[in-house]
1. Could you work out the local net charge near R60, counting Lys and Arg as +1, Asp and Glu as -1, over the other residues with Cβ closer than 14 Å to its Cβ?
2. List every residue whose amide H lies under 5 Å from the amide H of V143, counting only residues 5 or more places away in sequence or on a different chain, with H placed 1.01 Å from N in the peptide plane.
3. Cβ under 13 Å from Y387's Cβ, Y387 left aside: what net charge do those residues give with Lys, Arg +1 and Asp, Glu -1?
4. Given R₀ = 41 Å, what would the calculated FRET efficiency be for E181 paired with A330, taking r from the Cβ atoms and rounding to 0.05?
5. From the phi of every residue in segment 183-197, what ³J(HN,Hα) in whole Hz does the Karplus formula 6.51 cos²θ - 1.76 cosθ + 1.60 yield, where θ is phi - 60° and glycine or proline is x?
6. I'd like the carbon and sulfur percentage of the solvent accessible area for segment 120-277, probe radius 1.4 Å, heavy atoms only, ligands and nucleic acids excluded.
7. Which cross-chain or sequence-distant (5 or more) residues have an amide H under 5 Å from the amide H of I92, H modelled 1.01 Å from N in plane?
8. Mind checking the angle between helix 223-233 and the chain's longest principal axis? C-alpha axes, 0 to 90 degrees, to the nearest 10.
Amino acid sequence: MDGHTTLDDAIAAVLSHVSPLETEDVPLGRASGRVVAAAALARVDLPPFASSAMDGFAVRSVDTPGTLRVTARIAAGRPATVALGGGEAMAIATGGVVPEGADAVVPIENVREDADRVEVPAVEAGAHVRPRGGDVRAGDEVVRAGARLGPAQLGAVAAAGADRVTCARRPRAAVLATGTELRPAGAELAAGEIYDANGTLLAAALVTAGCDVDVIEPVADDEAAHREALTRALEGDVVVTSGGVSVGPHDLVRTIAAELGVEEVFWRVAVKPGKPVSFGVRGRTLLFGLPGNPVSTLVGFELFVRPAVRALQGERDPGPRWEDAVLDRAVRRDPRDQLVRARRTATGLEPLTGQESHMIVRAAEADALALVPHGDGELAAGSPVRYLRLG
Ligand code: AMP
Ligand code: MG
């Protein structure tokens with residue numbers, strides 16, 4: 001398409017240049033959102049002992065139905081000191097240790113209790129007993145390598161007794177917005193100036209992707225300023241720049257990056273928005289030169305940068321993570337593959353109005369990027385498409 005790299009080739013080229021970062025041990029309290037590099041294993045059987053699933057009475061199933069003598073009351077965390085004998089029952093709380101000799105629990109709502117006697121219906125062996133190791137066995141995998149640790153995974157690791165997990169270290173990323181016209185939020189705008197959207201956008205996106213982020217002050221379209229800022233940026237694992245990758249005389253990112261030893265892997269991808277995107281490497285450092293229009297920056301991040309950052313952390317399925325839906329409305333095709341800003345609805349994807357690449361406020365309404373493959377005419381309402389979720 002246009003003689004430019006195709007979207008699929010560009011994504012594959014990026015991922016082929018990424019290898020996972022070194023690992024470190026991370027205490028559970030600081031592991032939220034991190035990617036597991038070596039499977040987290042259970043330290044104990046879970047549950048660690050046969051425990052009651054209900055408040056009720058521990059019994060021997062062979063004694064049921066019948067009227068049994070209550071010989072002890074077992075709270076969670078306080079096991080009985082004696083075994084359960086024939087004709088006996090022990091009151092037990094949910095999570096209590098099922099005493100030796102007992103093989104079932106009768107829920108409290110199914111019994112008639114009278115002083116130290118309890119009348120129980122027939123129960124089967126194993127009823128309302130959570131067997132030791134029923135969730136996981138000591139030594140077995142709790143979270144596999146390549147998984148990202150969310151609340152459920154962290155809870156599982158904690159329950160299974162590990163206090164640390166081995167994770168890839170957090171990628172160090174630098175953000176550099178370029179453009180003489182850029183001013184920081186809060187400043188007064190002089191004629192011809194605009195506020196820097198991309199520095200803020202990219203910093204937030206990189207944090208959500210798991211990076212430690214160095215946000216460099218935006219630079220003017222000036223060679224010395226680019227040289228100084230890119231030199232600093234290239235010390236990390238990932239550099240994401242915005243602006244200055246088109247063909248104008250003020251577009252300096254690619255030439256200065258090359259001067260600093262960055263080898264360009266591709267420049268220009270047959271995608272809309274964001275065609276002039278460039279990608280290069282210096283050693284293990286990845287440099288993404290995203291075009292300056294904020295929606296191009298947003299789209300370029302989701303297509304190329306987020307998958308690369310996931311791969312750096314050793315995440316399985318780095319993406320882009322396409323999902324399937326149908327278009328609620330027709331979309332005009334383009335000679336390039338398009339990422340259309342859309343909202344997810346009960347029936348599919350509703351393309352938003354205002355699809356130009358400078359319209360970041362319109363794009364901020366979107367929760368999906370629908371991929372409309374290149375072609376002629378329209379992609380009709382009801383057509384299946386792939387899409388990326390926006391966070
Ligand atoms: P460029 O890719 O440098 O040619 O910029 C393309 C368009 O995006 C121009 O209209 C720029 O003013 C605008 N632009 C560049 N950088 C930013 C930024 N950080 N925030 C908002 N708009 C930008
Ligand atoms: Mg520019």
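1. Numbers: positive: R69; negative: D63, E88, E100, D103, E124.
Computed value for this residue: -4.
2. Hits under the 5 Å cutoff: A40.
3. -1
4. On the way: r = 36 Å, r/R0 = 0.88.
With R0 = 41 Å, the Cβ-Cβ based efficiency is 0.70.
5. With the stated coefficients, segment 183-197 comes to 10, x, 3, x, 6, 7, 8, 8, 3, x, 9, 9, 7, 6, 8 Hz.
6. Looking at segment 120-277 in its full context, I get 52 percent from C and S.
7. G56, F57, A58, I74
8. For 223-233 against the chain, the angle is about 20 degrees.
The values are calculated or read from the model by the stated rules, or taken from the named source; none is laboratory data. Predicted, not measured: the structure shown is a model, and the values here were computed from it. Note that each Cβ is placed from the backbone with ideal geometry, even for glycine, and that neighbours are counted across all protein chains shown. Just the protein is used for accessible areas: all its heavy atoms, side chains included, with ligands, DNA and RNA removed. Shrake-Rupley method; radii C 1.70, N 1.55, O 1.52, S 1.80 Å.
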